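Visitor: Before anything else, here's the structure in question.
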Amino acid sequence: MARHNSRVTLRFLLSSFPDRSRNPPLLPSATATFSSCFTTGFDEKRRLLQCNIVREDQQVFSFFKPLRNFIEIKQWGVGIQRKRYGSLAGLVQRNPRFSKLNDDDVRYFEGILGNKNVVQDEDKLVTSNTDWMHKYKGSSKLLLQPRTTDQVAQILKYCNSRCLAVVPQGGNTGLVGGSVPVFDEVIISLSSMNKIISFDKVSGILVCEAGCILENIMSFLDNEGFIMPLDLGAKGSCQIGGNVSTNAGGLRLVRYGSLHGNVLGVEAVLANGTVLDMLKTLRKDNTGYDLKHLFIGSEGSLGIVTKVSILTPPKLSSVNVAFLACKDYNSCQKLLQEAKRKLGEILSAFEFLDVQSMNLVLNHLEGARNPIPTSLHNFYVLIETTGSDESSDKQKLEAFLLGSMENELISDGVLAQDINQASSFWLLREGIPEALMKAGAVYKYDLSVPLEHMYNLVEEMRSRLGNTANVIGYGHLGDGNLHLNVSTPHYDDKILSQIEPFVYEWTSKHRGSISAEHGIGLMKANEIYYSKSLETVQVMASIKNLMDPNHILNPYKVLPHSLTS
Amino acid sequence: MKIMVAVKRVVDYAVKIRVKPDKTGVVTQNVKMSMNPFCEIALEEALRIRESGLASEVVAVSIGPSQCVDTLRTGLAMGANRGIHVESTASLFPLSVAKIFRKLVEIEKPDLLILGKQAIDDDCNQTGQMVAGLLNWPQGTFASKVVLDKAKRVATVDREVDDGIETVCLNLPAVITTDLRLNQPRYATLPNIMKAKSKPIQKFTPEELNVEIISDLEIVEVTEPPKRKAGVIVSSVDELIHKLKNEANVI
Ligand SMILES: Cc1cc2nc3c(=O)[nH]c(=O)nc-3n(C[C@H](O)[C@H](O)[C@H](O)COP(=O)(O)OP(=O)(O)OC[C@H]3O[C@@H](n4cnc5c(N)ncnc54)[C@H](O)[C@@H]3O)c2cc1C
């Protein structure tokens, strides 16, 4: 791992150890879902299905009482003692069809990878068993670090024949419990597959291994005069393979579109070890079913992505960032409409945060400074433009901003005069997840909601929870993506039952998505019906059965447990 | 009371500097340019003095190519009353800049001239001292605190020196150069950006000011600093101590 990356990861880690103990994983709360069967406007089939799932699961999911135990976490020589709650294992049942790891297995893997890349050291495993939020913890005894596609294929072929469950792991920054084992699944880390294979300066097409860290690719491209079509707060740790597998959205989607458009090719290994070479570097290729899309966003449940080819846009020299205050949500919306028209081709980000998010960042993040301190405003919007002509871009942006001020869409604002100021504005938006971790426990919801209703959800949640929790709303307004976060001092089942299933029902009722960009993972596997029809999910399950008949790839995740166990 | 402030246009602080292949200088084409951070601090200090009622006007000055107007606009958006642009495409060394400032001071007659202690592009740290010498004015360099007494016409300046803080009193008119901890510059707000558009920028050339630009320095070669060697991970405290003693020779 690059030095830089471990530094960033370390920062994440240290900042994400508040003094309070952490809660049990947020598994779909069984009783709450049960009652939802009778209260929402779901169609009959879906209702029945949900009830079934819950009834089936209820035997397993006793409404949990957190079990606390002590563990010691040691990484990079930093030893931290933490109280923590018990793992998920008490809540989902381990699939008994999976074999248990034995010494012969370990010897076999050592034969393929060499001893060094077969990790059994408990201290090292703690990191890979625990997710970024310290909410999900597995108990895997084995971490494998393949260096080639062929090694990945050999590992999977063997695991498939032995019926050993596996978790593909990238940078482990996922936010839905998808990247860590639930029980004793073997962790297959892509970190050692971190080579850039080729870059074509004419077309801007990059081919690299899945374990390349996003930020490393960005700095490689920067030297070549190009940028990645995606950027997100976790860039210092997350890997391109993980980004592809979660179809990560991030901060530049409004400009460059989703990875379904930018990823030109993928090489992936199926559960039985078959290598699918779809590593094309063509923009156009209409030959049959475009299977690479199955690996974009399937969260490691259909195969392991080993290589990626991606279209990168040229780096443009003129970047401007404005940080603006709006009096109400309606103004933010109107501002977005105007920005799309008036800034058109140079608009590269449109992010929003409410005053509660702003206060959280100002209180918990070192170096955060309110650029508009004169008075507190209800909403803040960050607009970034990227173009090729410094003076005309600036003129355009200034004219737009001044016009919006005259129309009273903006009540105040600042325009970054240098890169340092631009970064300090970005910190206020990108620093929210970190600030939330410092503030205590957090319930995260990543929703796509039609713009006009989006903020109503935050307000409704706020009045539901009263003063028991700090409800904040922020996100990629330009993409209709709301990050609804509920921050509380401690995890608390009572609060959880106030949030779920309400938040999912509300989203479903407004024809939104319960996962805009973070994915389904473990957290929402049983909630997928809120956003997808029964028929659709059944086809998904058939695809899963076809590609991974033994269900060894990332079990308990993505699809409802009733369909896969 | 009038305050004159120098604002230099430099390669942005956050840009990764690249040396030209022929080693004659650094790449500046297609590179983000911004106001020198120390100049920002100088301007902020001048604005605070004006806002406290001790001065009535802040004049920002930039010397260099036509794009310096952008830097001046930033200064005006921060709050300077007006700007002066001395346009020159020649390479300017501190002595030439100091001579230009002497002329401008003769024209404008400010009571205080505030500059950054250095510009982050050439790191010369000379202009403030030279212009004080040319004008025969007292100077307070590396200021971390400035207190003005308008009645006595005295500026008290805390200077950051190696062994702590040195406090000096200067009779006005005087030259002050700013250090990093003096203040935290403000952002340019939209209303102020709007106002800045109608603020005047006066133009001069060095010839009009009767200053001859002489290249009294020759740049022989510009090279990158040596690359840092990768670190090593030691396996034990003993090994670390051994290395510190025998390889790094620091303990
Ligand atoms: C601070 C912060 C900010 C974030 N901001 C955003 C954001 O703006 N937008 C957004 O979309 N997401 C965001 N995320 C979450 C995002 O999903 C992840 O950061 C990232 O895309 C996951 O990459 P990773 O390498 O860490 O994958 P991991 O977390 O390791 O894995 C994520 C999932 O992908 C699977 N996986 C990983 N690598 C592979 C592979 N090579 N082959 C097959 N499956 C694989 C895992 O099994 C898991 O299911 C953020 C996270 C953090 C911590």
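Visitor: Quick one: which strands (runs of 3 or more DSSP E) lie wholly within the range A:238-344 and hold at least 3 residues that are farther than 29 Å from A:S423 by Cα and not assigned by TED's automatic domain parsing to the domain that holds A:H453?
Guide: A:263-269, A:275-278, A:304-311
Visitor: So which residues in the range B:190-234 are more than 14 Å from every other protein chain (Cβ to nearest Cβ), among the hydrophobic types (A, V, I, L, M, F, W, C) and open to solvent by less than 70 Å² (accessible area, probe 1.4 Å)?
Guide: Those that are more than 14 Å from every other protein chain (Cβ to nearest Cβ), among the hydrophobic types (A, V, I, L, M, F, W, C) and open to solvent by less than 70 Å² (accessible area, probe 1.4 Å): B:I201, B:F204, B:L209, B:V211, B:I213, B:V222.
Visitor: Could I ask something else about it? Residues that are over 20 Å from B:E108 (Cα atoms): find the strands (runs of 3 or more DSSP E) completely inside the range B:1-92 holding 1 or more of those.
Guide: On the way: elements: B:2-6, B:9-11, B:33-35, B:57-64, B:82-87.
Of the strands (runs of 3 or more DSSP E) lying wholly inside the range B:1-92, those with at least 1 residues that are over 20 Å from B:E108 (Cα atoms) span B:9-11, B:33-35.
Visitor: Any chance you could count how many residues in the range A:277-292 are open to solvent by less than 60 Å² (accessible area, probe 1.4 Å) and within 16 Å of the ligand (Cβ to nearest atom)?
Guide: Result for the range A:277-292: 3.
Visitor: Could you grab me the full set of residues in the range B:22-50 that are over 19 Å from the mean Cα position of the chain (by Cα) and either under 20 Å from A:S391 (Cβ atoms) or within 14 Å of chain A (Cβ to nearest Cβ) (or both)?
Guide: Across the range B:22-50, the qualifying residues are B:V27, B:Q29, B:N30, B:V31.
Visitor: Taking the range A:174-186, which residues are within 14 Å of A:L125 (Cβ to Cβ), more than 9 Å from the ligand (Cβ to nearest atom) and open to solvent by less than 10 Å² (accessible area, probe 1.4 Å)?
Guide: Across the range A:174-186, the qualifying residues are A:P181, A:E185, A:V186.
Visitor: Please find, within the range A:417-438, the residue that is farthest from the chain's Cα centre (by Cα) out of those that are open to solvent by 10 Å² or more (accessible area, probe 1.4 Å) and more than 14 Å from the ligand (Cβ to nearest atom).
Guide: Looking at the filtered set, the residue picked out is A:Q417.
Visitor: Check the range A:324-347 and report whether any residue there is in contact (Cβ under 8 Å) with a residue 60 or more places away in the chain, among the small types (G, A, S) and either surrounded by fewer than 16 Cβ atoms within 10 Å (Cβ to Cβ) or within 13 Å of chain B (Cβ to nearest Cβ) (or both).
Guide: yes
Conditions (1) within 14 Å of another protein chain (Cβ to nearest Cβ); (2) under 25 Å from B:R102 (Cβ atoms); (3) over 18 Å from the mean Cα position of the chain (by Cα), marked per residue:
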{"position": "B:N125", "(1), (2), (3)": "no, yes, no"}
{"position": "B:L148", "(1), (2), (3)": "no, yes, yes"}
{"position": "B:E160", "(1), (2), (3)": "no, no, no"}
{"position": "B:E166", "(1), (2), (3)": "no, no, yes"}
{"position": "B:Y187", "(1), (2), (3)": "yes, no, no"}
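Visitor: Right, another one. Determine whether A:P450 is open to solvent by 40 Å² or more (accessible area, probe 1.4 Å), away from chain B (no Cβ under 13 Å) and either closer than 24 Å to A:L253 by Cβ or in contact with an Asp or Glu (Cβ under 8 Å, 6 or more places away or on another chain) (or both). Give the steps one after another, and end with the answer.
Guide: Values: open to solvent by 40 Å² or more (accessible area, probe 1.4 Å): yes; away from chain B (no Cβ under 13 Å): yes; either closer than 24 Å to A:L253 by Cβ or in contact with an Asp or Glu (Cβ under 8 Å, 6 or more places away or on another chain) (or both): yes.
Yes.
Visitor: Separate question: For residues that are within 14 Å of another protein chain (Cβ to nearest Cβ) and within 15 Å of the chain's Cα centre (by Cα), tally how many sit in the range B:72-115.
Guide: Applying the first criterion (within 14 Å of another protein chain (Cβ to nearest Cβ)) to the range B:72-115 yields B:72-80.
With the extra rule that they be within 15 Å of the chain's Cα centre (by Cα), the set shrinks to B:72, B:74-75.
So the answer is 3.
Visitor: Of (1) among the aliphatic types (A, V, I, L, M); (2) in the same structural domain as A:Q239 (by TED's automatic domain parsing); (3) part of a helix (DSSP H, G or I), A:V106 satisfies all except one. Which?
Guide: With respect to (1) among the aliphatic types (A, V, I, L, M); (2) in the same structural domain as A:Q239 (by TED's automatic domain parsing); (3) part of a helix (DSSP H, G or I), A:V106 is out only on (2).
Visitor: Regarding the range B:69-89, can at least one residue be identified that is within 16 Å of B:I214 (Cβ to Cβ) and touching a Cys at 6+ places or on another chain (Cβ under 7 Å)?
Guide: no
Visitor: Do we have A:K157 as assigned to a loop (DSSP other than H, G, I, E, B), more than 13 Å from the ligand (Cβ to nearest atom), open to solvent by 10 Å² or more (accessible area, probe 1.4 Å) and closer than 27 Å to A:M547 by Cα here?
Guide: Against the criterion (assigned to a loop (DSSP other than H, G, I, E, B), more than 13 Å from the ligand (Cβ to nearest atom), open to solvent by 10 Å² or more (accessible area, probe 1.4 Å) and closer than 27 Å to A:M547 by Cα), A:K157 does not qualify.
Visitor: Within the range B:104-152, count every residue that is basic (K, R) and open to solvent by less than 60 Å² (accessible area, probe 1.4 Å).
Guide: Quick first cut of the range B:104-152, residues basic (K, R) only: B:109, B:117, B:145, B:150, B:152.
Retained after the next criterion (residues that are open to solvent by less than 60 Å² (accessible area, probe 1.4 Å)): B:117.
Matching residues across the range B:104-152 total 1.
Visitor: Please specify each residue of the range A:257-276 satisfying the condition of being open to solvent by 10 Å² or more (accessible area, probe 1.4 Å), touching a residue at least 12 places away in the same chain (Cβ under 8 Å) and either near the ligand (Cβ under 10 Å from one of its atoms) or acidic (D, E) (or both).
Guide: Within the range A:257-276, just A:E267 meets the criteria.
Visitor: Residues of the range A:222-256 being more than 7 Å from the ligand (Cβ to nearest atom), on the phi > 0 side of the Ramachandran plot and modelled with pLDDT under 95, which ones?
Guide: A:G225
Visitor: Evaluate the following for A:S392: is it open to solvent by 20 Å² or more (accessible area, probe 1.4 Å), assigned to a helix (DSSP H, G or I), of a type in the set (S, T, Y) and at the interface with chain B (Cβ under 10 Å from one of its Cβ atoms)? Please lay out each step first, then the result.
Guide: Values: open to solvent by 20 Å² or more (accessible area, probe 1.4 Å): yes; assigned to a helix (DSSP H, G or I): yes; of a type in the set (S, T, Y): yes; at the interface with chain B (Cβ under 10 Å from one of its Cβ atoms): no.
So A:S392 does not fit the description; no.
Visitor: Within 16 Å of the ligand (Cβ to nearest atom) and touching a residue at least 40 places away in the same chain (Cβ under 8 Å) - does that describe any residue in the range A:492-511?
Guide: Within the range A:492-511, none of the residues are within 16 Å of the ligand (Cβ to nearest atom) and touching a residue at least 40 places away in the same chain (Cβ under 8 Å).
Visitor: Scan the range A:491-549 for residues that are outside any loop (DSSP other than H, G, I, E, B), open to solvent by less than 40 Å² (accessible area, probe 1.4 Å) and over 30 Å from A:A441 (Cβ atoms) and jot them down.
Guide: A:L534, A:V537, A:A541, A:K544, A:M547
Visitor: So which residues in the range A:222-237 are out of contact with any helix residue (DSSP H, G or I) (no Cβ under 9 Å at 6 or more places or on another chain) and assigned to a loop (DSSP other than H, G, I, E, B)?
Guide: Hit for the range A:222-237 is A:G225, nothing else.
Visitor: Turning to a different aspect of this structure: Determine whether A:N420 is within 24 Å of B:I41 (Cα to Cα), within 12 Å of chain B (Cβ to nearest Cβ) and assigned to a loop (DSSP other than H, G, I, E, B). Walk me through how you get there before you give the answer.
Guide: Numbers: within 24 Å of B:I41 (Cα to Cα): yes; within 12 Å of chain B (Cβ to nearest Cβ): yes; assigned to a loop (DSSP other than H, G, I, E, B): no.
Judged against the criteria, A:N420 is not a match.
Visitor: Still on this structure, please answer the following. Determine, yes or no, whether A:S203 is hydroxyl-bearing (S, T, Y) and either buried (at least 20 other Cβ atoms within 10 Å of the Cβ) or within 14 Å of the ligand (Cβ to nearest atom) (or both).
Guide: no
The values are calculated or read from the model by the stated rules, or taken from the named source; none is laboratory data. Worth saying up front: this structure is predicted, and the values here are computed from it rather than measured. Ideal geometry is used to build each Cβ from the backbone, glycine not excepted, and the neighbour counts take in all protein chains shown. With ligands, DNA and RNA removed, areas are computed over all heavy atoms of the protein, side chains included. Shrake-Rupley method; radii C 1.70, N 1.55, O 1.52, S 1.80 Å.
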